[in-house]
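Single-structure report; data block below.
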C-alpha cells in the first residue's frame with residue numbers, strides 16, 4: 001500500500017437506529033452560519049473559521065487535561081461555564097500554546113473581536129487554536145480577518161468550515177444526522193480536525209457540533225461528556241496528548257422541540273444516540289486520517305471485569321508502537337528494507353505484549369486474541385492458522401483486533417492507525 | 001545524519017568515584033565462566049549463552065511486570081526466590097512468550113538441561129529468552145546445544161557472551177568496574193541487550209551482572225532493585241513494555257571479602273555506587289542503540305515536588321513520539337520529504353506538550369525548558385534564542401532536554417533515542 005494513501009473507515013452499522021445520516025455538514029442544523037478565510041497564519045489555505053448561532057444557544061465543551069494547555073482553552077472554559085455561547089472563533093496553523101501572557105492576551109482579544117463582530121457579549125464567544133506550539137499568533141492578521149469573517153457568515157459555507165480547521169489532515173471531516181423529538185425533526189451537524197498528537201484525554205483535535213435541538217445546558221454538558229468518553233477518548237494516532245484539544249457543542253433550539261431537561265424526557269435517548277453516532281464517526285475519521293496512516297485499526301476488547309479494564313487494554317494496543325509498525329508492514333508484498341521475520345507478517349504476539357502491558361491484572365490462560373477474525377491465541381495457547389488467510393487479513397486497509405479477556409462481561413472499543421515512515425517524516429520538523 | 005548510524009553516549013563523569021572502569025566484560029569478575037554458540041534459533045549468528053559461577057552464588061533478579069510475560073520469567077522467578085543460583089541459560093531470537101503449556105515445559109526443560117550440564121541443582125539454574133513472541137522454541141536445537149555450551153565454558157569468552165544475546169542490537173553492550181571492600185579488590189562485569197520494545201518496568205532487555213563480591217542475598221536483591229529503578233526503568237526506546245525483561249545478578253564471593261550483610265557494612269556504599277554506574281551505563285547504551293536510532297537524548301527533570309513527579313515528567317518526554325520525531329528531524333540540513341515548518345527545527349513546544357501530558361499537576365508559569373543548554377521557555381514565557389545556536393544543538397548526536405518544574409527539590413533523569421523511519425522499517429514485520 002502506498003504511503004499517504006488513506007483508508008476510509010466504513011460507517012458504523014445503522015441497524016434500528018433512531019436517526020438518519022443527512023447532508024449539510026455543520027450547517028445541517030438550522031439557525032447556524034459559518035465563514036472561513038485564509039488569514040495568512042498558515043503558509044497557504046484556509047486557516048480561520050467563524051461559527052455563529054443566530055439565536056442564543058446552550059453550550060458545553062470538553063477540554064484537554066494537558067497541564068501545559070493552550071491559552072484559548074482557558075478562555076473557552078471560562079466563557080462556556082455558564083452553559084451558553086453563540087460564537088466560536090478558530091485559528092489553524094498556530095496553537096497559541098506555551099505562549100505566556102502575550103498568548104493569553106491574544107486569546108482574550110480573539111474572543112472580544114469575534115463577539116463584537118457577531119454582536120454578542122464577549123462571554124458568548126469561545127476560542128480555539130491548533131497548530132505549532134510555542135510561537136506567538138500573528139495578531140495583526142487575525143485582527144484584520146475577524147470582521148471580514150463576520151461579513152462572510154452564511155448558510156452556504158459548511159464545506160469551507162470543515163476545510164478551514166485542517167492542519168495536517170488530508171481530508172475534511174464532517175457528519176450530520178437528523179432525528180425526531182416527538183414529531184419535530186432535529187439536526188446535528190459537526191466538523192472536526194485531527195491528524196497528529198492524537199491520544200485523547202483528548203486527541204489533538206478540535207470538534208464543533210451544532211444542533212438545533214432545544215435542551216438544558218447541564219444535560220447537554222453531561223451528554224457531551226458521555227459521548228466524548230465513548231468516541232474521541234477512544235482513539236490514538238501517536239499516543240501524544242495535546243495542548244489544545246477541544247470539543248464544543250452549541251444547541252440553539254431552532255428546531256422548535258419542547259426543551260429537553262431530563263434524561264427521561266421524550267427525545268433524549270434519540271439525541272444521545274445521534275450524538276454518539278456523530279462523535280464516533282468523527283473519531284474514526286480522525287484515526288483513519290492519522291498522520292502518515294495507511295491502515296485503520298479497530299480494537300474490540302470484551303470479557304473484561306470492568307469498563308476501565310477493557311478501555312485500558314484497548315488503549316494499550318492502540319498506543320503500542322510495535323503493534324502499529326506491524327500493521328503497517330503487514331502487506332502481502334515485502335516492504336523495501338523490511339527485516340525478514342520468521343513466520344511472516346502475522347506477528348500477533350505484539351498484540352499479546354501490548355495486552356499484558358496495559359497494567360490490568362489478567363490470566364493469560366483466559367485470554368483470546370483474534371486478528372481479522374483469525375484466532376491467533378486461544379485461552380493461553382497459540383493457535384494454528386491458515387497462512388493465506390493471515391496474509392489476506394494483513395493486506396486489508398482495515399484490520400480488527402479482538403481481545404476476549406475472559407474475566408467478565410464489560411467491553412470497550414478503540415481506534416487507531418498504523419505507524420509509518422511517513423508519520424516520522426511529517427513530524428521531523 | 002544517516003539512518004542506521006548510532007550515537008555513542010559519553011560515559012558518565014567519574015569525579016570522586018569509588019570505583020574504576022576495567023576491561024573484561026562480564027568475566028571481569030572472578031569465578032565465572034561463559035560459553036556462546038549458534039544453535040540455529042536465529043537465521044544466523046550466536047543465539048545461545050551459558051553463564052556459570054564456579055562456586056555457589058547469591059542471586060537476585062528483577063522481571064517484567066507485563067501480564068503476558070514469557071514462560072522463562074516464571075522459571076527464573078521461582079528458582080531465584082531462595083536467593084541463590086549458579087547457572088543462567090539464555091536463548092535469543094525467540095521470546096518463548098504467549099506459547100502456552102508447551103512454552104512453559106520448554107522453559108523448565110532448559111533449566112533442567114542447563115543444571116545437568118553444569119552439575120548443579122535445577123533450582124540453581126535461571127532461564128531467559130528474547131525475540132519473537134508467539135512461536136514455539138526449536139527445542140531439538142536447544143537440547144542439542146546446551147551440553148555443547150557446557151563443554152565450551154571458559155574465562156575467554158566475554159565478548160562472545162555480549163554478542164550472543166543480541167537481537168536487533170547493532171553493538172554488543174558490556175561494562176566492568178573494580179572497587180574495594182576494605183583492602184580487597186572486587187569486580188562487577190555485566191552485559192545487556194536492548195534495541196526495541198523498550199519501555200521499562202522493564203525494558204525489552206536482558207541484563208546479566210556477575211560480581212565476585214560476597215554479599216547476603218536479601219541485600220543483593222534490594223540493591224539491585226534500587227539500581228534498576230534508577231537505570232533500566234528510566235529508559236525508553238518506543239514506550240512498549242516487553243514480555244521478557246530480566247535483570248539477573250550473581251554474586252559468588254570469589255573476591256574473598258568479608259560478606260556484606262547490611263547497608264552499614266564496610267564496602268556496601270562502594271558496591272552500590274559501582275552497581276548504579278554499571279546499570280546506568282548499560283541503560284544508556286540501550287537507549288543510544290535503540291532500533292533505528294540516530295540520536296541519544298538525556299532528559300533531566302529538576303524542581304519537582306517528588307521523585308515520582310520528576311520521573312513521570314521525564315518518562316512522558318522520552319515516550320512522546322512527536323518529541324522523538326522532532327529530535328530525528330533536527331539536523332541542520334532539511335530531510336528528504338520533511339514538511340517545512342515555520343520557525344525551523346527548534347520545535348521545543350513538543351517538549352512542553354509532553355511535560356503537560358505527564359499527568360503531574362504543575363504551574364506553567366513556574367516551568368523552564370532548556371534544549372541543549374538553550375533556554376526555550378522560561379517561567380511560562382517562550383524565550384528568544386539564537387537561531388544558529390539552535391541549529392547547532394539540534395545537529396548534535398546527543399541532546400539534553402532540561403526541565404525545571406519550579407515546584408520542589410526532587411529530580412530524575414531518563415534516556416531515550418529519536419524515532420526514525422528506520423525504526424518503522426525494522427519493525428514492519
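Can you name the strands (runs of 3 or more DSSP E) wholly within segment B:12-128 that have at least 2 residues being closer than 28 Å to residue B:213 by Cα and within 19 Å of the chain's Cα centre (by Cα)? Steps first, answer last, please.
Details: elements: B:19-21, B:32-37, B:48-53, B:58-63, B:87-94.
Result: B:48-53, B:58-63, B:87-94.
Identify the single condition in (1) touching a strand residue (DSSP E or B) at 6+ places or on another chain (Cβ under 9 Å); (2) in a loop (DSSP other than H, G, I, E, B) that residue B:361 does not satisfy, given that it satisfies every other one. Only one criterion is unmet by residue B:361, namely (1). Is it the case that segment B:379-399 has a residue that's under 28 Å from residue B:285 (Cα atoms) and either at the interface with another protein chain (Cβ under 7 Å from one of its Cβ atoms) or assigned to a strand (DSSP E or B) (or both)? Yes, segment B:379-399 contains at least one residue that is under 28 Å from residue B:285 (Cα atoms) and either at the interface with another protein chain (Cβ under 7 Å from one of its Cβ atoms) or assigned to a strand (DSSP E or B) (or both). Among the residues making up segment A:364-376, those that are within 12 Å of chain B (Cβ to nearest Cβ), over 26 Å from the mean Cα position of the chain (by Cα) and within 26 Å of residue A:420 (Cα to Cα) are A:369, A:376. For segment B:409-429, the tally of residues that are outside any strand (DSSP E or B) and within 14 Å of another protein chain (Cβ to nearest Cβ) stands at 12. Counting the residues of segment A:157-177 that are closer than 16 Å to residue A:210 by Cβ and touching a residue at least 60 places away in the same chain (Cβ under 8 Å) gives 13.
Scan segment B:262-279 for residues that are over 22 Å from residue B:32 (Cβ atoms) and either part of a loop (DSSP other than H, G, I, E, B) or at pLDDT below 95 (or both) and jot them down.
Keep residues of segment B:262-279 that are over 22 Å from residue B:32 (Cβ atoms), which gives B:262-266, B:269.
Listed by number, the residues that qualify are B:262, B:263, B:264, B:265, B:266.
Look at (1) under 19 Å from residue B:396 (Cα atoms); (2) within 11 Å of chain A (Cβ to nearest Cβ) and you find that residue B:287 fails only one, number (2).
Being surrounded by fewer than 17 Cβ atoms within 10 Å (Cβ to Cβ), facing another protein chain (nearest Cβ under 7 Å), at pLDDT 90 or above and over 24 Å from residue B:422 (Cβ atoms) narrows it down to one of B:361, B:342, so name that one. Talk me through it step by step, then tell me what you get.
On the way: B:342 fails: at pLDDT 90 or above.
Just a single option satisfies the conditions, and that option is B:361.
Can you name the residue in segment A:42-57 that is crowded, with 24+ Cβ neighbours inside 10 Å and out of contact with any helix residue (DSSP H, G or I) (no Cβ under 8 Å at 6 or more places or on another chain) and, of all such residues, is farthest from residue A:131 (Cα to Cα)? Outline the logic, then answer.
Within segment A:42-57, the first condition is being crowded, with 24+ Cβ neighbours inside 10 Å, and the residues that meet it are A:47-53, A:57.
Next cut, out of contact with any helix residue (DSSP H, G or I) (no Cβ under 8 Å at 6 or more places or on another chain) only: A:53, A:57.
Values: A:53: 26, A:57: 28 Å.
Only one residue tops the list, namely A:57.
Of all the criteria given as (1) closer than 19 Å to residue A:293 by Cβ; (2) at pLDDT below 90, the one not satisfied by residue A:201 is (1). Please work out if residue B:353 is outside any loop (DSSP other than H, G, I, E, B), touching a residue at least 12 places away in the same chain (Cβ under 8 Å) and over 27 Å from the mean Cα position of the chain (by Cα). So residue B:353 fails the test. Set side by side, the residues A:286, A:235 differ, and just one is out of contact with any helix residue (DSSP H, G or I) (no Cβ under 6 Å at 6 or more places or on another chain) and crowded, with 24+ Cβ neighbours inside 10 Å, which is A:286.
Check segment A:297-304 and report whether any residue there is over 30 Å from residue B:44 (Cα atoms), within 11 Å of chain B (Cβ to nearest Cβ) and modelled with pLDDT of 85 or more. No.
The values are calculated or read from the model by the stated rules, or taken from the named source; none is laboratory data. Note that this is a predicted model, so its numbers are computed, not measured. As a convention, Cβ positions derive from the backbone with ideal geometry for all residues, glycine included, and neighbour counts pool all protein chains shown.
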